[in-house]
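Here is the structure we will look at.
The values are calculated or read from the model by the stated rules, or taken from the named source; none is laboratory data. Keep in mind the model is a prediction, meaning the values are calculated, not measured. All Cβ positions, glycine included, derive from the backbone under ideal geometry; neighbour counts span all protein chains shown. SASA here: full protein model, heavy atoms, side chains in, ligands and nucleic acids out. Shrake-Rupley method; radii C 1.70, N 1.55, O 1.52, S 1.80 Å.
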Amino acid sequence: MLGTNLNGITKICLNCNTEFNDNTKSHNASYCSSRCGTAYRNSKKFEGKQEGYDYIKCPECFQKVAEVTILHAKIHGFNSIVDMANHFGVKNLKCEKIIEGMKGENNPGYQHGGKLSPWSKNNPNLSEEDLKVNYRAAEQARKGKRPNEIQSWLDKGYSEKEAKAKVSERQTTFSLDICIEKYGEEGGKKRWEERQKVWMDTLGKLPEEEKLRINKSKLSNGYSISKAEIEICEYLIEHDIVVETQFFIKGTSRGYFYDIKYNNKIIEYFGDFWHHNPELYEEDWVNPISKLNSREKQAYDEERISVAKNNGYEILIIWERDYKKNPTEVLEKCLNFLKL
């Protein structure tokens with residue numbers, strides 16, 4: 001307790017250690033919010049327990065929980081638990097203890113074969129027309145509410161410009177670099193490879209024309225690259241310069257991937273959001289996903305560039321903002337850089 005005022009008592013939150021004003025009648029509040037209260041109780045509840053088996057940490061707020069519920073996911077701006085899991089590139093958001101308890105005969109839907117599903121032909125209570133109605137209702141309910149749709153952010157009060165930025169953030173939340181930044185080189189590569197395997201398994205089930213459409217976002221060694229990088233590569237190829245993408249260079253303590261390589265020259269495409277464009281973000285701005293502030297991200301990028309230069313490469317950095325403002329000028333700049 002720090003003191004009193006006309007509106008209540010100033011206290012320190014037991015969970016986040018920030019000051020808050022306790023204006024309840026009995027003045028017995030110990031947390032600045034109900035979320036902090038839940039987080040604190042969970043931290044005590046899981047003391048001495050095994051992470052992964054008895055509990056997991058929410059990938060957004062790092063609160064200890066047995067499982068991420070739909071309410072928890074919505075607090076963080078996701079429409080469903082599946083959306084949140086996909087966003088962070090994880091298979092599930094439950095601890096192993098709960099997963100084990102749901103296996104086999106313990107699962108309420110054990111071997112129901114679609115009999116309980118509102119979208120399955122095996123449900124004896126639904127006609128073909130009922131299924132069509134359910135499909136349409138589900139799609140209508142999701143329409144405009146997915147985090148990769150501008151309308152979902154407009155409905156939350158964001159401006160059109162802010163909504164587009166939010167969608168852009170959602171669409172670029174999983175890459176090898178991001179995995180390495182979050183989980184370290186070994187753990188990041190493992191997570192990336194696991195995600196790639198799932199992606200390839202899914203791709204194998206798609207029609208040929210769909211595979212061709214998706215593969216336009218893949219070049220060289222199979223790693224995903226942005227639409228802008230594809231456009232740059234295609235432009236260079238049209239001018240008889242065949243480049244290599246996602247080129248790996250091993251440094252003293254760790255290795256880095258680089259976007260576009262030709263002979264001893266490298267072109268790095270820096271997304272404004274992920275690389276903290278200094279024209280758009282202040283030094284103390286913290287990326288909500290990577291948790292790095294602009295100074296930390298700049299130091300990381302400088303290290304990557306230094307490793308490349310120490311290995312005899314010249315570097316050209318292209319900022320997303322510049323490319324969108326004048327793509328023709330940037331493309332010519334890339335071509336001239338590689339030809340010199």
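For this structure, a couple of remarks:
- In region 132-143, the residues that are surrounded by 11 or more Cβ atoms within 10 Å (Cβ to Cβ) form Cβ pairs under 9 Å with partners that are assigned to a helix (DSSP H, G or I) and not aromatic (Phe, Trp, Tyr), at six or more places apart or across chains, as follows: 143/151.
- Pick from region 112-148, criterion part of a loop (DSSP other than H, G, I, E, B) and of a type in the set (A, V, I, L, M), ranking: nearest to residue 87 (Cα to Cα): 116
- Test: residue in region 103-111 that is modelled with pLDDT of 80 or more and either over 32 Å from the mean Cα position of the chain (by Cα) or within 30 Å of residue 187 (Cβ to Cβ) (or both): no
- Being within 22 Å of the chain's Cα centre (by Cα) and loosely packed, with under 12 Cβ neighbours inside 10 Å holds for only one residue in 259, 284, and it is 284.
- Residues of region 27-55 satisfying the condition of being open to solvent by 100 Å² or more (accessible area, probe 1.4 Å) and in a strand (DSSP E or B): 51
- In the set 339, 291, 297, 333, only one residue is open to solvent by less than 40 Å² (accessible area, probe 1.4 Å) and basic (Lys, Arg); that residue is 297.
- Qualifying residue in region 200-218 (condition: small (Gly, Ala, Ser) and at pLDDT 80 or above): no
- A search for C-beta distances below 9 Å between a residue of region 273-298 that is more than 16 Å from residue 320 (Cα to Cα) and in contact (Cβ under 8 Å) with a residue 40 or more places away in the chain and any residue that is aromatic (Phe, Trp, Tyr) and in a loop (DSSP other than H, G, I, E, B), counting only pairs 6+ apart in sequence or on different chains, returns 289/273; 289/274; 290/274.
- If you go through region 289-329 and keep only what is in contact with a strand residue (DSSP E or B) (Cβ under 7 Å, 6 or more places away or on another chain), more than 14 Å from residue 278 (Cβ to Cβ) and assigned to a helix (DSSP H, G or I), you end up with 304, 305, 307, 308, 309.
- Scanning region 56-98 for residues that are within 25 Å of residue 179 (Cα to Cα), open to solvent by 40 Å² or more (accessible area, probe 1.4 Å) and part of a helix (DSSP H, G or I) yields a total of 8.
- Positions within region 102-119 being within 28 Å of residue 42 (Cβ to Cβ) and either in contact (Cβ under 8 Å) with a residue 60 or more places away in the chain or surrounded by 12 or more Cβ atoms within 10 Å (Cβ to Cβ) (or both), in sequence order: 102
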